[in-house]
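Below is one structure, written out as structure tokens, with a few remarks after it.
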Amino acid sequence: PNPFTQQTTIGFNLPTNSTAQLSIYNMGGKLLKIIEGDYQRGYNEIVIEDANLTSGVLYYQLDTPTNSTTRKMIVID
């Protein structure tokens, strides 16, 4: 998803139907946004719009009942 200006899509695979939470943080660790939902087994996508996000380097963390992953993304003007 890097870099992006207005919108990006974060894709992920789940081994079973489950809940997932996507948290977005700034470089200082401040929580900017949380997206939670119930997702199907297999490939899923979450669309992020930058309307409420500051430009620069951000981190997103995807948590499921069985896994947690953190990645970096870059928002540009």
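For segment 1-50, the solvent-accessible area works out to 63 Å² per residue, with a probe of 1.4 Å and every protein chain left in place. Remark: accessible surface ordering of ILE76, ILE10, ILE35 (largest first) is ILE76, ILE35, ILE10, probe radius 1.4 Å. Longest exposed-loop-site-free stretch of the chain, with trypsin sites (Lys or Arg not before Pro), DSSP loop and at most 12 other Cβ within 10 Å? So the longest stretch without any such site is 42-77. Remark: relative contact order (the chain) = 38 percent; criterion is Cα-Cα distance under 8 angstrom and separation of 6 or more residues. Of TYR43, GLY29, ASN2, which is farthest towards the positive pole of segment 1-51's charge dipole, taken about the Cα centre with +1 and -1 on the beta-carbons of Lys, Arg and Asp, Glu respectively? Going by the Cα projections, it comes out as GLY29. Over all other residues within a Cβ to Cβ distance under 9 Å of ASN17, the charged ones net out to 0, with Lys and Arg as +1 and Asp and Glu as -1.
Rounded to the nearest whole Hz, the Karplus-based 3J(HN,Hα) values (6.51 cos²θ - 1.76 cosθ + 1.60, θ = phi - 60°) of segment 67-77 follow the sequence 7, 9, 9, 10, 9, 9, 9, 10, 9, 10, 7, with x at glycine and proline.
A simple charge model with +1 on the Cβ of Lys and Arg, -1 on the Cβ of Asp and Glu and nothing else charged puts the dipole of the chain at about 220 debye relative to its Cα centre. In sequence order, segment 7-20 has phi-based couplings of 7, 9, 10, 10, x, 7, 10, 10, x, 9, 4, 6, 7, 8 Hz under the Karplus curve 6.51 cos²θ - 1.76 cosθ + 1.60, θ = phi - 60°, and Gly or Pro positions carry x. Within the chain, all pairs of alpha-carbon atoms sorted by distance into 10 Å bins from zero give the percentages 18, 54, 25, 3.
Can you tell me the FRET efficiency between GLU36 and VAL57 if r is taken as the Cβ-Cβ distance and R0 is 25 Å, rounded to the nearest 0.05? Step by step, r from the Cβ atoms, then E = 0.60.
The values are calculated or read from the model by the stated rules, or taken from the named source; none is laboratory data. Everything numeric here is computed off the predicted structure, so don't read it as measured data. Neighbour counts are summed over all protein chains in view; Cβ atoms, including those assigned to glycine, are modelled from backbone coordinates with ideal geometry. Quick note on the areas: whole protein, heavy atoms, side chains included, nothing else; ligands and nucleic acids left out. Shrake-Rupley method; radii C 1.70, N 1.55, O 1.52, S 1.80 Å.
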